[in-house]
Structure formats: structure tokens, C-alpha cells
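The values are calculated or read from the model by the stated rules, or taken from the named source; none is laboratory data. Computed from a prediction, not measured in an experiment: that's the story for all the values here. Every residue, glycine among them, receives a Cβ derived from its backbone with ideal geometry; neighbour counts consider all protein chains shown. All accessible areas refer to the heavy atoms of the entire protein, side chains included, with ligands and DNA or RNA removed. Shrake-Rupley method; radii C 1.70, N 1.55, O 1.52, S 1.80 Å.
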Amino acid sequence: MDGLLINSEILWHEAEIDILGGLGVPLEVDGCRSTKGMFVDEVTAYWHEQYPWSGPTSVEVAVSIVDRVIDLLLAKGELKPGAEHAIDMCARRRLPLAVASSSQYRLIEAALAHFDLRRHFELVHSAEDEPFGKPHPAVFITAAQKLGAVPRRCLVWEDAPAGVLAAKSASMACVAVPESGEGHHPAFGLADVVLGSLLEMNDDIWDCVVQRHFNPLGD
């Protein structure tokens, strides 16, 4: 969801830099990107280990960050270009859809409701329910199980290197749409296709992904 359907990466940066910076973590945008795709509790635990602070626990700081992101999202969040186009391409093919995200449920539900997207998805699954966040594949594997789908027959849309690694570890096809300036990360070389925007997805690219991942022998 974050960074793929919703242009929320800059909101996470703002919240993390403000809140963690206030605790003495010398955090800048590149530092935020280094933990992209991880569950927020893992992010705050990581930074607490690097720059221990006194006062609130890392879990309490994670709650504050999510609260701030929700406020920022409702105030100035925007859909990513092509988000509805990508959803429509799946809907036309009658594919069951799920959101499998490293964000907490309360943020996922707030975002989907705000942009009127919840109706498109059969289920929402958060890494909040998993022992590990991305790049561990658990969030995708569990979402597939809940959909009644075989992982090998699933297609993941991702913007983060950790998400691409998780998708391919789950033996799923992956359409990657890196954030501007992040496409050089080697993880994107594992994706079945890399797009500059969701708007670039078309029937020819879709067929190419299907042929490459789902039907490599042409049968």
C-alpha cells in the first residue's frame, strides 16, 4: 500500500525524522529509505539499538509514528499515479485482490477508507500479525492462504526492495514500481518487470509477465 497505491513515503519520512529526531536519532531521508518495507516496530527497534534513547519504549515510539502518519495522510495524502488503473486491470480479469502491507491495520484501513479503495479488496493482511516483516515472505504467503490461492499463482505489486525480495521468496510474480531514484537497487533485478509508474502497465506487459512467470513452458 505505502508507496505503491498511496504516495505516503514522504509522510513516513516526515513522521520518522520528526519523532525519532526528537529522541536524538540523527535521521535523514536516506536513513528512512534504509528501513523501507520493514514493520514499524522493527524500524523503531532498529534505531533504538543504533542510538539508544531514554523515555518511551521503541513500541511506544512506533505508535506515535503511526499516529502522525495517519494525521498527515488524512491532511495531505495522495494516490500514486495509476493506482486505480492497476486495480482496474486486476478487476477486469476478475482476480481476487488483497492488501498485504508492513503497515499496521489501523493505518491500512484509514488509508483505504480515505481514498475509497477498501471495496476493491477481499481482505487486508498486515505484517502486524507476522513474526517478521518484509523481506520475510510471511505477509504475502499468509495473504495468499487467506485468499485460497497458491503462492506460485499470485502476482505482487511492490515499490520497495524489501517487498520485491519477499515476493520472490514466496515464489510469486512481481511487478516493481520503484520510487524515484531507487530503481538502482539490485533487488529490483529479481522482479518480473520494473515500471516507472503504474500508468505504464498495459495488456502487453501483463501478458509478458503471465508468460514469463505463470506459463514459462507455453502449456
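Structure summary
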{"read-out": "Spatially proximal lysines relative to residue 168 (Cα-Cα < 24 Å; intrachain offsets below 8 disregarded)", "value": "36, 80, 134, 146"}
{"read-out": "Amide proton proximity set for residue 174, modelled H, under 5 Å, gap of 5+", "value": "156, 192, 193"}
{"read-out": "Per residue value of the accessible surface for the chain (all protein chains in place, 1.4 Å probe), Å²", "value": "47"}
{"read-out": "The chain: angle of helix 105-114 to the longest principal axis, Cα-based, in degrees nearest 10", "value": "70"}
{"read-out": "Residue-by-residue Karplus 3J(HN,Hα) for region 32-37, coefficients 6.51, -1.76, 1.60, Hz, glycine and proline x", "value": "4, 5, 5, 10, 4, x"}
{"read-out": "Protection-proxy order for peptides 193-205, 131-143, 41-53, 58-70, each taking the mean of Cβ atoms within 10 Å per residue, highest first", "value": "131-143, 58-70, 41-53, 193-205"}
{"read-out": "Ordering of 154-166, 2-14 by packing [mean C-beta count within 10 Å, highest first]", "value": "154-166, 2-14"}
{"read-out": "Label-point gap, in nm, between residue 153 and residue 88 - each point 7 angstrom along Cα→Cβ", "value": "2.7"}
{"read-out": "Share of carbon and sulfur in the accessible heavy-atom surface of region 69-124 [1.4 Å probe, %]", "value": "50"}
{"read-out": "Global form of region 82-181, assessed from the alpha-carbon gyration tensor, a/c cut-off 1.5", "value": "rounded"}
{"read-out": "Region 174-219 - percent of accessible surface contributed by carbon and sulfur, probe 1.4 Å", "value": "56"}
{"read-out": "Per-pair calculated FRET efficiency, R0 = 22 Å: residue 79 and residue 59 via Cβ, rounded to 0.05", "value": "0.15"}
{"read-out": "Tilt relative to the chain, helix 40-50 - C-alpha long axis, 0 to 90 degrees, to 10", "value": "50"}
{"read-out": "Cα-based shape type of region 160-200, given that a ≥ b ≥ c are square roots of the gyration tensor eigenvalues and the cut on a/c is 1.5", "value": "oblate"}
{"read-out": "Calculated on alpha-carbon atoms, Rg and Dmax of the chain in Å", "value": "17.2, 61"}
